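Everything on this sheet refers to the single structure shown next.
The values are calculated or read from the model by the stated rules, or taken from the named source; none is laboratory data. Only a predicted model underlies this, so the values are computations on that prediction, with no experimental measurement involved. Positions of Cβ are backbone-derived with ideal geometry, glycine not excepted, and every protein chain shown enters the neighbour counts. Accessible surface areas use protein heavy atoms only, side chains included; no ligands, DNA or RNA. Shrake-Rupley method; radii C 1.70, N 1.55, O 1.52, S 1.80 Å.
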Amino acid sequence: MPPKANAMKNFVEELKWRNMLHDMTPGTEELFSQGPVSGYIGFDPTADSLGIGNMVQVMTLTHFQRTGNKPIALVGGATGMVGDPSGKSAERNLLGVDQLNHNLECQKKQLEKFLDFEGANAAQIVNNYDWFKEMGFLEFIRDVGKHLSVNYMMAKDSVKNRLETGMSFTEFSYQLIQGYDFYYLWKHMGCNIQMGGSDQWGNITTGTELIRRMESGNVSALTTPLIKKADGTKFGKTEGGNIWLDPMRTSPYKFYQFLLNTADADIGNYMRVFSTLGREEIESIEAEHNEAPHMRLAQKRMAAELTARVHSSQDLKKAEDASEVLFGRATKEALMALDEATILDVFEGVPQAKVSKSAVEAGCDIVNLLTEQTGFLASNGEARRALKENSISINKSKVAPDYSATSNDLIDGKYILLQRGKKNYFLAIVE
RNA sequence: GGGGAGAUACUCAAGCGGCCAACGAGGACAGACUGUAAAUCUGUUGUUUUUUAACUUCGCAGGUUCGAAUCCUGCUCUCCCCA
């Protein structure tokens, strides 16, 4: 499914115009000028799904592959057992082995969707547990640990920041484990560069240093800037929590909505990072967007592309339909025309309650429907207040306080969409 | 251990015997406006079939009083000062 590599464009150049280059070791550009490169990025199995934040690194690999290079995605079966101290102010709790393996498997499946496993520069997914499981402690500290000084390791920010508050030996040794990964991939798979977020710079350079000291190897490191919103807040988080790639955690609809709500100030940057569109195309979309920002062409375009890539084009279609019904000028007619499956999908996650059919057929007073029948609103007083505010809609049309719901209001003979204001939905299932 | 201050609705914070369902601010929700944005303006924010009405609420339990969030007693908790 991922697009084939296009004409051999230079990866570093590609990252530069996408604003995705934060730092790289000297000699990195020469490395790419010599032909296809094999490189890797590691993923930490802290959860059983990748979050949208991880998409930055997924996209780094995607751009890497599209410029003709061979990507390796590493899932951290071994490193996950230890815990990366980077950016953490306190010791991490270790995950149980079962949990870890579960997370690993789930992340691996997700990663498989994004890379191309065919052709000359086919992607690979590896698990560092595979080469650590055989290795004994003595072997490791003798063959690997001997090459780096504690002084060197202590100079890393991830360690330095913890000297005051304390840090276990386990976390201290994390960089060595990750460094050895790089060595192993370099030695056995010809991997010449490790990439990652800028917070990984320290860990990555431990690897390049290790390779230099162990076998005088010369490899590169490259990091991408941490993506954040123009207002300085963290990307990928909402009041509702993290945005996940797993549809069970974050529905495709919510995923789509999250992207659609991107601020104008961020959209240009996001398009560069998250889409595979070329420079000219992005610039022309931006120009068009600036002509009529309220149309949010850029947001729609990016949300569509990413939703389709992460989920599927069917999921995208549903998300777009759902958005149209919820936010567009969808009329009562459009809503009434929806089939049952779409309704359930659109209103998945919307609070629901069952209402007896006989009550509705007899004509159900609106206040009663809002409170006793459904529990949508807390009290009769609140319901009356809301009605007075003209904020209650049934099936997208406003209703007066003296309204009575009847079977005419049923969608597909069994649903009534209640709404308070624009954003609060409630689905009454009548049966 | 001694002394002092306090506990009020989602949060902060007035009230110190009747006019208190309780000022005000923030938040939240809604309406107008709008781009499913921001800002702004307006309204609502204890329950009860709209009410000049009733009921439940001001840490907990009692008491004084025609009447208490407001006074008294005990309890619980929080904070501050001196040891």
Checklist entry - When the Kirkwood radius is taken over all Cα pairs of segment A:344-430, what Stokes-Einstein diffusion coefficient follows at 37 °C and 0.692 mPa s, in µm²/s? => result 261 µm²/s
Checklist entry - Using the C-alpha gyration tensor of segment A:234-363, what are the square roots of 5 times its eigenvalues, in whole angstrom, with the largest one first? => result 33, 17, 13
Checklist outcome for this item: In degrees rounded to 10, the 0-90 angle between helix A:279-291 Cα long axis and the longest Cα principal axis of chain A is 30 degrees
Item to check | Residue among A:T206, A:M167, A:F274 farthest towards the positive dipole end of chain A, charges placed on Cβ | outcome: A:M167
Checklist entry - When the gyration tensor of segment A:11-224 is built from Cα positions, what are the square roots of 5 times its three eigenvalues, in whole Å, from largest to smallest? => result 25, 20, 17
Checklist entry - To the nearest 10 square angstrom, how much accessible area does A:L344 have with a 1.4 angstrom probe? => result 70 Å²
Item to check | 0 to 90° range, to nearest 10: angle between helix A:55-66 axis and chain A longest Cα axis | outcome: 60 degrees
Checklist entry - What is the extension gain from A:D143 to A:A337, computed as 0.36 nm multiplied by their sequence separation minus the C-alpha to C-alpha distance, in nm to one decimal? => result 63.0 nm
Checklist outcome for this item: Largest first and rounded to whole Å, the semi-axes √(5λ) derived from the alpha carbon gyration tensor of chain A read 50, 25, 18
Item to check | Per-residue ³J(HN,Hα) for segment A:177-188, Karplus 6.51 cos²θ - 1.76 cosθ + 1.60, θ = phi - 60°, Hz, x for Gly and Pro | outcome: 4, 5, x, 5, 3, 4, 4, 4, 5, 5, 5, 9
Next on the checklist: If I take R0 = 45 Å and measure r between the Cβ atoms of A:K16 and A:N161 in this structure, what FRET efficiency does the formula 1/(1 + (r/R0)^6) give, to the nearest 0.05?
Outcome noted: 0.90
Checklist entry - Which angle from 0 to 90°, rounded to the nearest 10, does the C-alpha axis of helix A:201-215 make with the longest principal axis of chain A? => result 30 degrees
Checklist entry - Can you pull the accessible area of A:W186 for me, 1.4 Å probe, Å² to the nearest 10? => result 50 Å²
Checklist outcome for this item: Sparse-neighbourhood loop hits (GluC sites (Glu not before Pro), segment A:26-121; DSSP loop; Cβ within 10 Å at most 14 others) -> A:E118
Next on the checklist: So if each residue of separation counts as 0.36 nm, and I subtract the Cα-Cα distance between A:S198 and A:A362, what length gain in nm does that give?
Outcome noted: 52.6 nm
Checklist entry - For labels at A:M295 and A:N93 in the simple 7 Å Cα→Cβ model, what's the distance in nm? => result 5.0 nm
Next on the checklist: From the mean inverse distance of alpha carbon pairs (Kirkwood) and the Cα radius of gyration, derive Rg over Rh for segment A:303-368.
Outcome noted: 1.10
Item to check | Mean ellipticity per residue at 222 nm, deg cm²/dmol - from DSSP H runs of n ≥ 4 across chain A, formula -39500 (n - 2.57) | outcome: -12500 deg cm²/dmol
Item to check | Loop-located GluC sites (Glu not before Pro) in segment A:221-296 whose Cβ has at most 16 other Cβ within 10 Å (DSSP) | outcome: A:E239
Next on the checklist: Sort A:R18, A:R301, A:R309 by heavy-atom solvent-accessible area, probe 1.4 angstrom, most to least.
Outcome noted: A:R301, A:R309, A:R18
Item to check | Distant-in-sequence amide H partners of A:I392 (H built 1.01 Å from N, under 5 Å) | outcome: A:V399, A:G421
Item to check | For segment A:137-227: rounded, prolate or oblate by the Cα gyration tensor [a/c cutoff 1.5] | outcome: oblate
Item to check | Candidate residues A:D315, A:D339: accessible-area rank, largest first, probe 1.4 Å | outcome: A:D339, A:D315
